[in-house]
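Read-outs: derived from the displayed coordinates by stated rules, not from any lab. Since this is a predicted model, take the numbers as computed values, not measurements. No Cβ is skipped: glycine too gets one built from the backbone with ideal geometry, and neighbour counts run over all protein chains shown.
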Amino acid sequence: MYRIYVYDGNYIALLSLILELIKRNIKPDNIKMDDYEASLFDEVINLQVDLDMDILKKMKKSFGSYAINAMYYVYLSEEDNKELLLYYFFLNALKYHKDITFRRDLKCVSEVLRISQYVMHEGHRMKGFLRFKELENKVLYAEMEPTNDVIMLVSHHFQKRLKNEYFIIKDVKRRILSIYDKKKFVIVPENSFILDTDVLSDEEREMEELWKIFYRTIGIVERKNDRCRMNFMPKKYWKHMLEVEDEL
């Protein structure tokens, strides 16, 4: 039997569970969210753990900011067994403290750093690829479909860039919305908020047409290089990019 420890999907809950497992000297076969579909060979264990709301402060003091950020990016990833990977990284970080990120000879460290770089890079890309459109009610609306769960990273960025606007960002893949009200943003399931995204403002319709004309006009047909373009602008993002959506 494989011992699978489950948590409710919350990051603090995951860290609290990992710390409790380490304290009890328990080495899990895996750690999964509580909606995990267990096989016949899995023993699902829901260990009751008190949430340590100060755990991030304690970890930052012991492990350093770089390690803490890397762990969070791994949590946002879609990697299989990411929770188990964080368990072993946490276990070794308690031994090496702020030197943990230099121990790339350890597989858990090299994997955490690799995955965190990938997630951080995608979050950075989405800041440039996201396309807002103005709805009739003057709310800015954008859709995205990233590989990893980067809506929090993207929302923090646009909270600073568009602080005087109302905006909504939808992660189509995960069916969640980030709603910003000029003060703060909240992440909610898409079915908890009703919005007609097809009714655009007159100015938006005009700007969309002008933007498409501009994009087509500046292109030089003789120098077109699709492979180079996709290196900088991967095709998986085109569906939600106004200037290239017609090419799909």
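Using the Kirkwood formula on the Cα atoms of segment 2-122, what hydrodynamic radius do you get, in angstrom to one decimal? Write down the numbers at each step before the final one.
Values: mean 1/r = 0.0685 Å⁻¹.
Taking the inverse mean of 1/r over all distinct Cα pairs, segment 2-122 comes out at 14.6 Å.
Only helical DSSP H runs with n ≥ 4 go in: add -39500 (n - 2.57) per run for the chain, normalise by residue count and round the 222 nm mean residue ellipticity to 500 deg cm²/dmol. Could the numbers behind the result be given before it?
Details: 8 runs with 107 residues, N = 248.
When only DSSP H runs of four or more count, the value is -14000 deg cm²/dmol.
About its Cα centre, how strong a charge dipole does segment 82-163 have in debye, to the nearest 20, once Lys and Arg get +1 and Asp and Glu get -1 at the Cβ?
Working: 15 positive and 10 negative charges, 76 e Å.
Computed about the Cα centre, the dipole is about 360 debye.
Between G219, F102, L195, whose Cα lies farthest towards the positive end of the dipole of segment 96-248 when Lys and Arg beta carbons carry +1 and Asp and Glu beta carbons carry -1, centred on the Cα centre?
Selected residue: F102.
Test of the criteria: in segment 178-242, which trypsin sites (Lys or Arg not before Pro) are in a DSSP loop and have at most 13 other Cβ atoms within 10 angstrom of their Cβ? Don't jump to the answer; show the numbers that get you there.
On the way: sites: K182, K183, K184, R205, K212, R216, R223, K224, R227, R229, K235, K236, K239; in loops: K182, K183, K184, K224.
Those satisfying the criteria are K182, K183, K184, K224.
Please figure out what share of the DSSP beta bridges in the chain is antiparallel and state it in percent, rounded to the nearest 5.
Working: 13 of 26 bridges.
Roughly 50 percent of the DSSP beta bridges within the chain come out antiparallel.
Just to be sure I understand: with springs between alpha-carbon atoms less than 10 Å apart, which residue in G64, G128, G219 has the highest mean-square fluctuation in the Gaussian network model of the chain?
Of the options given, G219 has the highest mean-square fluctuation.
Do you know the relative contact order of the chain, to the nearest whole percent, from alpha carbon pairs under 8 angstrom that are 6+ apart?
So the answer I get is 13 percent.
Counting alpha carbon pairs within less than 8 Å and at least 6 residues apart, what relative contact order, in whole percent, applies to segment 102-248? Intermediate results must be reported in sequence, preceding the final value.
Details: 160 pairs, mean separation 30.5, N = 147.
Relative contact order of segment 102-248: 21 percent.
Mind giving me the FRET efficiency for R227 and D35? R0 is 41 Å, r the Cβ-Cβ distance, nearest 0.05 is fine.
Values: r = 40 Å, r/R0 = 0.97.
Plugging the Cβ-Cβ distance into 1/(1 + (r/R0)^6) gives 0.55.
Looking at this model, which pairs from K127/K235; K127/K163; K160/K184; K160/K183 are more than 21 angstrom apart at the alpha-carbon?
Details: K127/K235 16 Å; K127/K163 15 Å; K160/K184 10 Å; K160/K183 10 Å.
Checking Cα-Cα distances, every pair stays at or under 21 Å.
Tell me the volume per residue, in Å³, of the convex hull enclosing the alpha carbons of the chain.
Details: hull volume 43.5 nm³, N = 248.
Output value, Cα hull per residue: 175 Å³.
Round to the nearest 10 and give me the degree value, 0 to 90, for the angle of helix 107-129's Cα axis relative to the longest principal axis of the chain.
Orientation of helix 107-129: about 20 degrees from the principal axis.
Please report, in debye to the nearest 20, how large the charge dipole of the chain is about its Cα centre when each Lys and Arg carries +1 at its beta carbon and each Asp and Glu carries -1 there. Mind showing how you got there, number by number?
Working: 41 positive and 42 negative charges, 300 e Å.
It comes to approximately 1440 debye.
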